Amino acid sequence: TNVEVRMVMLCVKVGKEDLIQFLSLIDKNDWIAETKEDGDRVRLRVQDNKISLTNRRGKDITFVYPELQSFPTNRELFLDGEMCVLDDDGVSQFNTGIAFRSHCKNPERIREGMASHPVTFVIFDVLELDRIDLRGETLRIRRNYLEKLNLNHKNIKVIEQFTDIKSAWNRIEVRKEEGLILKNLNSLYREGYRSCSWRKVKNLKEVDLKFTKYDVNPQGITVENSDGIRVLVAGRHQYDVRDTIDKEGEAEITVRHLGVTKAGKYRQPTYMKIVR
(Lines give C-alpha, C1' and ligand atoms only; values in the text may rest on other atoms or scores of the structure.)
Protein backbone atom coordinates (compact mmCIF):
# COMPACT_ATOMS: atom_id res chain seq x y z
CA THR A 1 0.00 0.00 0.00
CA ASN A 2 1.21 3.49 -0.80
CA VAL A 3 1.81 5.02 2.63
CA GLU A 4 0.63 8.48 1.55
CA VAL A 5 -2.97 7.25 1.22
CA ARG A 6 -3.09 5.84 4.73
CA MET A 7 -4.74 7.99 7.36
CA VAL A 8 -2.71 9.84 9.97
CA MET A 9 -2.71 8.78 13.63
CA LEU A 10 -5.32 10.67 15.64
CA CYS A 11 -5.98 11.67 19.26
CA VAL A 12 -8.65 10.98 21.86
CA LYS A 13 -10.14 14.07 23.51
CA VAL A 14 -9.74 15.05 27.15
CA GLY A 15 -11.88 17.93 28.43
CA LYS A 16 -9.82 20.68 30.04
CA GLU A 17 -11.99 20.29 33.14
CA ASP A 18 -10.74 16.68 33.33
CA LEU A 19 -7.04 17.48 32.83
CA ILE A 20 -6.06 17.53 36.52
CA GLN A 21 -7.74 14.17 37.14
CA PHE A 22 -6.09 12.69 34.03
CA LEU A 23 -2.66 13.85 35.19
CA SER A 24 -3.25 12.25 38.60
CA LEU A 25 -3.86 8.85 36.96
CA ILE A 26 -0.85 8.62 34.63
CA ASP A 27 2.83 7.95 35.17
CA LYS A 28 4.21 11.40 34.40
CA ASN A 29 7.58 9.92 33.42
CA ASP A 30 5.90 8.32 30.40
CA TRP A 31 3.99 11.37 29.14
CA ILE A 32 4.99 14.64 27.49
CA ALA A 33 3.01 17.59 26.17
CA GLU A 34 3.24 19.40 22.85
CA THR A 35 1.44 22.59 21.82
CA LYS A 36 -1.65 21.81 19.75
CA GLU A 37 -0.84 23.93 16.72
CA ASP A 38 -3.84 25.55 15.02
CA GLY A 39 -2.99 24.60 11.44
CA ASP A 40 -3.49 21.85 8.86
CA ARG A 41 -2.19 18.32 9.37
CA VAL A 42 0.44 17.62 6.69
CA ARG A 43 3.00 14.89 6.05
CA LEU A 44 6.22 15.54 4.13
CA ARG A 45 8.11 12.92 2.17
CA VAL A 46 11.65 13.19 0.79
CA GLN A 47 12.28 10.43 -1.74
CA ASP A 48 14.60 10.26 -4.78
CA ASN A 49 15.61 13.90 -4.10
CA LYS A 50 12.00 15.06 -4.44
CA ILE A 51 9.74 16.73 -1.87
CA SER A 52 6.04 15.86 -1.66
CA LEU A 53 3.35 17.00 0.77
CA THR A 54 0.05 15.28 1.54
CA ASN A 55 -2.87 16.34 3.75
CA ARG A 56 -4.48 14.15 6.40
CA ARG A 57 -6.62 12.41 3.78
CA GLY A 58 -3.61 11.61 1.59
CA LYS A 59 -4.29 14.26 -1.09
CA ASP A 60 -1.19 15.74 -2.72
CA ILE A 61 -0.82 19.42 -1.80
CA THR A 62 2.84 19.89 -2.75
CA PHE A 63 2.11 22.79 -5.13
CA VAL A 64 0.34 24.83 -2.43
CA TYR A 65 3.53 25.37 -0.38
CA PRO A 66 6.49 26.08 -2.71
CA GLU A 67 8.62 27.32 0.21
CA LEU A 68 9.03 23.70 1.32
CA GLN A 69 10.64 22.72 -1.99
CA SER A 70 14.00 23.86 -0.61
CA PHE A 71 13.73 21.35 2.24
CA PRO A 72 17.04 19.43 2.59
CA THR A 73 17.03 16.20 0.56
CA ASN A 74 20.22 14.56 1.79
CA ARG A 75 18.16 11.91 3.66
CA GLU A 76 15.05 9.98 2.68
CA LEU A 77 12.33 10.93 5.18
CA PHE A 78 8.65 10.70 5.96
CA LEU A 79 7.61 13.33 8.53
CA ASP A 80 4.31 14.12 10.24
CA GLY A 81 3.42 17.62 11.37
CA GLU A 82 1.19 20.67 11.16
CA MET A 83 1.38 23.35 8.45
CA CYS A 84 0.97 26.66 10.25
CA VAL A 85 1.06 30.41 9.84
CA LEU A 86 2.68 31.85 12.98
CA ASP A 87 2.19 35.36 14.32
CA ASP A 88 4.95 37.55 15.74
CA ASP A 89 4.70 35.73 19.08
CA GLY A 90 5.05 32.31 17.43
CA VAL A 91 1.38 31.44 17.99
CA SER A 92 -0.28 29.60 15.08
CA GLN A 93 -3.26 31.43 13.59
CA PHE A 94 -6.10 29.62 11.85
CA ASN A 95 -8.63 32.05 10.38
CA THR A 96 -6.13 34.83 9.71
CA GLY A 97 -3.40 32.35 8.83
CA ILE A 98 -3.53 28.84 7.42
CA ALA A 99 -7.23 29.00 6.45
CA PHE A 100 -6.31 31.82 4.06
CA ARG A 101 -3.05 30.38 2.85
CA SER A 102 -4.31 26.84 2.18
CA HIS A 103 -6.95 28.26 -0.18
CA CYS A 104 -4.37 30.00 -2.37
CA LYS A 105 -4.39 27.59 -5.32
CA ASN A 106 -3.34 29.41 -8.50
CA PRO A 107 0.32 30.46 -8.98
CA GLU A 108 -0.30 34.20 -8.53
CA ARG A 109 -2.30 33.75 -5.34
CA ILE A 110 0.30 31.32 -4.01
CA ARG A 111 3.09 33.86 -4.64
CA GLU A 112 1.08 36.56 -2.84
CA GLY A 113 0.33 34.12 0.00
CA MET A 114 4.02 33.25 0.39
CA ALA A 115 4.74 36.95 0.93
CA SER A 116 1.80 37.80 3.20
CA HIS A 117 1.25 34.47 4.99
CA PRO A 118 4.53 32.48 5.02
CA VAL A 119 4.09 28.99 6.42
CA THR A 120 6.02 27.07 9.04
CA PHE A 121 5.90 23.28 8.93
CA VAL A 122 5.90 22.25 12.59
CA ILE A 123 7.24 18.68 12.70
CA PHE A 124 6.29 16.35 15.55
CA ASP A 125 7.12 12.86 14.25
CA VAL A 126 9.35 10.88 11.91
CA LEU A 127 7.74 7.76 10.42
CA GLU A 128 10.44 6.62 8.02
CA LEU A 129 14.16 7.33 7.81
CA ASP A 130 16.32 6.20 4.88
CA ARG A 131 13.53 3.75 3.91
CA ILE A 132 13.45 2.20 7.39
CA ASP A 133 9.93 2.11 8.87
CA LEU A 134 9.97 3.66 12.36
CA ARG A 135 6.23 3.38 13.08
CA GLY A 136 6.86 0.28 15.21
CA GLU A 137 9.37 2.12 17.41
CA THR A 138 8.25 4.03 20.50
CA LEU A 139 7.71 7.79 20.37
CA ARG A 140 10.72 8.16 22.67
CA ILE A 141 12.95 6.49 20.04
CA ARG A 142 11.30 8.29 17.09
CA ARG A 143 11.81 11.62 18.82
CA ASN A 144 15.49 10.82 19.32
CA TYR A 145 15.84 10.14 15.58
CA LEU A 146 13.99 13.38 14.78
CA GLU A 147 16.23 15.52 16.98
CA LYS A 148 19.39 13.97 15.54
CA LEU A 149 18.36 15.00 12.02
CA ASN A 150 19.28 18.60 12.96
CA LEU A 151 16.88 19.96 10.35
CA ASN A 152 17.71 23.53 9.40
CA HIS A 153 15.25 25.44 7.22
CA LYS A 154 13.58 28.81 7.73
CA ASN A 155 10.11 27.37 7.09
CA ILE A 156 10.28 24.42 9.48
CA LYS A 157 10.64 23.80 13.19
CA VAL A 158 10.56 20.72 15.38
CA ILE A 159 7.84 21.00 18.00
CA GLU A 160 8.94 21.58 21.57
CA GLN A 161 8.10 18.94 24.16
CA PHE A 162 7.23 19.73 27.78
CA THR A 163 7.64 17.28 30.65
CA ASP A 164 5.83 19.54 33.16
CA ILE A 165 2.34 19.24 31.68
CA LYS A 166 0.57 21.50 34.20
CA SER A 167 3.03 24.33 33.54
CA ALA A 168 2.63 23.75 29.81
CA TRP A 169 -1.15 24.13 30.19
CA ASN A 170 -0.73 27.39 32.11
CA ARG A 171 1.48 28.65 29.27
CA ILE A 172 -1.18 27.70 26.71
CA GLU A 173 -3.81 29.70 28.60
CA VAL A 174 -1.59 32.77 28.91
CA ARG A 175 -0.63 32.70 25.23
CA LYS A 176 -4.24 31.95 24.19
CA GLU A 177 -3.17 28.96 22.11
CA GLU A 178 -5.49 26.18 20.95
CA GLY A 179 -4.49 23.52 23.44
CA LEU A 180 -2.10 20.67 24.18
CA ILE A 181 -1.44 17.22 22.76
CA LEU A 182 -0.42 14.78 25.49
CA LYS A 183 1.60 11.81 24.23
CA ASN A 184 2.76 8.60 25.83
CA LEU A 185 6.48 8.20 25.09
CA ASN A 186 5.99 4.43 24.76
CA SER A 187 3.36 4.78 22.02
CA LEU A 188 3.81 3.38 18.53
CA TYR A 189 2.57 5.21 15.41
CA ARG A 190 -0.63 3.51 14.24
CA GLU A 191 -1.93 4.67 10.84
CA GLY A 192 -5.57 5.68 10.74
CA TYR A 193 -6.08 4.93 14.42
CA ARG A 194 -7.50 7.20 17.14
CA SER A 195 -5.16 6.27 19.97
CA CYS A 196 -5.61 6.65 23.74
CA SER A 197 -1.84 7.13 23.83
CA TRP A 198 -2.31 10.57 22.25
CA ARG A 199 -4.73 12.90 24.04
CA LYS A 200 -5.79 16.37 22.92
CA VAL A 201 -6.91 19.00 25.41
CA LYS A 202 -8.45 22.07 23.78
CA ASN A 203 -8.27 25.49 25.38
CA LEU A 204 -11.91 26.16 24.63
CA LYS A 205 -13.63 29.43 25.42
CA GLU A 206 -17.21 30.04 26.50
CA VAL A 207 -19.65 32.89 25.93
CA ASP A 208 -23.29 33.42 26.91
CA LEU A 209 -25.46 34.49 23.95
CA LYS A 210 -29.17 35.17 23.52
CA PHE A 211 -30.99 33.38 20.69
CA THR A 212 -34.43 34.34 19.41
CA LYS A 213 -35.25 31.80 16.70
CA TYR A 214 -34.55 28.26 15.61
CA ASP A 215 -34.88 25.87 12.69
CA VAL A 216 -35.77 22.22 13.17
CA ASN A 217 -33.47 19.65 11.50
CA PRO A 218 -32.91 15.87 11.74
CA GLN A 219 -30.25 16.33 14.48
CA GLY A 220 -32.30 18.69 16.65
CA ILE A 221 -32.55 22.47 16.20
CA THR A 222 -30.20 25.17 14.96
CA VAL A 223 -30.64 28.36 16.98
CA GLU A 224 -29.81 31.77 15.53
CA ASN A 225 -29.41 35.22 17.04
CA SER A 226 -29.61 38.78 15.69
CA ASP A 227 -25.88 38.70 14.80
CA GLY A 228 -26.36 35.67 12.57
CA ILE A 229 -24.61 33.31 15.00
CA ARG A 230 -25.95 29.78 14.46
CA VAL A 231 -25.46 26.85 16.85
CA LEU A 232 -26.76 23.29 16.70
CA VAL A 233 -28.64 22.05 19.77
CA ALA A 234 -28.99 18.28 19.47
CA GLY A 235 -30.70 15.51 21.40
CA ARG A 236 -32.83 16.11 24.46
CA HIS A 237 -31.35 19.60 25.03
CA GLN A 238 -33.33 20.95 22.08
CA TYR A 239 -36.67 20.65 23.88
CA ASP A 240 -35.73 22.94 26.77
CA VAL A 241 -34.32 25.53 24.36
CA ARG A 242 -37.32 25.36 22.02
CA ASP A 243 -39.74 25.68 24.92
CA THR A 244 -37.88 28.70 26.33
CA ILE A 245 -37.79 30.52 22.98
CA ASP A 246 -41.46 29.71 22.30
CA LYS A 247 -42.59 30.98 25.72
CA GLU A 248 -40.17 33.85 26.42
CA GLY A 249 -39.09 34.90 22.94
CA GLU A 250 -35.43 34.18 23.63
CA ALA A 251 -33.11 31.71 25.32
CA GLU A 252 -29.70 32.55 26.77
CA ILE A 253 -27.23 29.78 25.99
CA THR A 254 -23.62 29.09 26.98
CA VAL A 255 -21.68 28.44 23.77
CA ARG A 256 -18.21 26.89 23.74
CA HIS A 257 -15.91 27.94 20.88
CA LEU A 258 -12.31 28.10 19.68
CA GLY A 259 -12.08 31.83 19.12
CA VAL A 260 -13.60 34.67 17.11
CA THR A 261 -13.05 35.27 13.39
CA LYS A 262 -12.44 38.69 11.83
CA ALA A 263 -16.07 38.67 10.77
CA GLY A 264 -17.11 38.30 14.42
CA LYS A 265 -18.22 34.68 14.06
CA TYR A 266 -17.32 31.99 16.59
CA ARG A 267 -15.10 29.11 15.48
CA GLN A 268 -16.65 25.67 15.99
CA PRO A 269 -19.45 26.88 18.31
CA THR A 270 -21.05 24.11 20.33
CA TYR A 271 -24.01 24.16 22.71
CA MET A 272 -23.11 23.69 26.38
CA LYS A 273 -26.17 24.61 28.47
CA ILE A 274 -29.09 26.95 28.83
CA VAL A 275 -28.42 29.84 31.22
CA ARG A 276 -30.82 30.00 34.17
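List of remarks:
- Each other residue within a Cβ distance under 12 Å of residue 215 adds +1 if Lys or Arg and -1 if Asp or Glu, for a net charge of +2.
- Distance violations [Cα-Cα > 27 Å] among 13/157; 36/210; 157/200: 36/210
- log10 of Debye I(q)/I(0), alpha-carbon scatterers only, for segment 12-62 at 0.22, 0.31, 0.32 Å⁻¹: -0.87, -1.21, -1.23
- Neighbours of residue 275 by Cβ distance under 10 Å: Lys/Arg scored +1, Asp/Glu scored -1, total +1.
- Percent of Cα pairs in segment 58-160 per distance bin of 5 Å, from zero to the largest separation: 2, 12, 21, 22, 18, 13, 9, 3, 0.
- Cβ-based net charge around residue 115, under 13 Å, with every Lys or Arg adding one and every Asp or Glu removing one: 0
- Surface exposure of segment 97-206, expressed per residue as accessible area with a 1.4 Å probe, stands at 51 Å².
- More than 36 angstrom apart: percent of Cα pairs within the chain: 24 percent
- Whole-number D in µm² s⁻¹ for segment 86-228, Kirkwood Cα-pair radius fed into Stokes-Einstein, 20 °C, 1.002 mPa s: 113 µm²/s
- Fraction of accessible area attributable to carbon and sulfur, the chain (%, probe 1.4 Å): 47 percent
- Square roots of 5 times each gyration tensor eigenvalue, C-alpha, segment 170-276, largest first, Å: 33, 17, 12
- Rounded to the nearest 500, the helix-only mean residue ellipticity at 222 nm of the chain stands at -5500 deg cm²/dmol, with each DSSP H run of n ≥ 4 adding -39,500 (n - 2.57).
- Stretching residue 60 away from residue 186 to a fully extended chain increases their span by 42.3 nm, per 0.36 nm per residue minus the current alpha-carbon distance.
The values are calculated or read from the model by the stated rules, or taken from the named source; none is laboratory data. Everything numeric in this text was worked out from a predicted model, so none of it was measured. No Cβ is skipped: glycine too gets one built from the backbone with ideal geometry, and neighbour counts run over all protein chains shown. These accessible areas exclude ligands, DNA and RNA; they are computed on the full protein's heavy atoms, side chains included. Shrake-Rupley method; radii C 1.70, N 1.55, O 1.52, S 1.80 Å.
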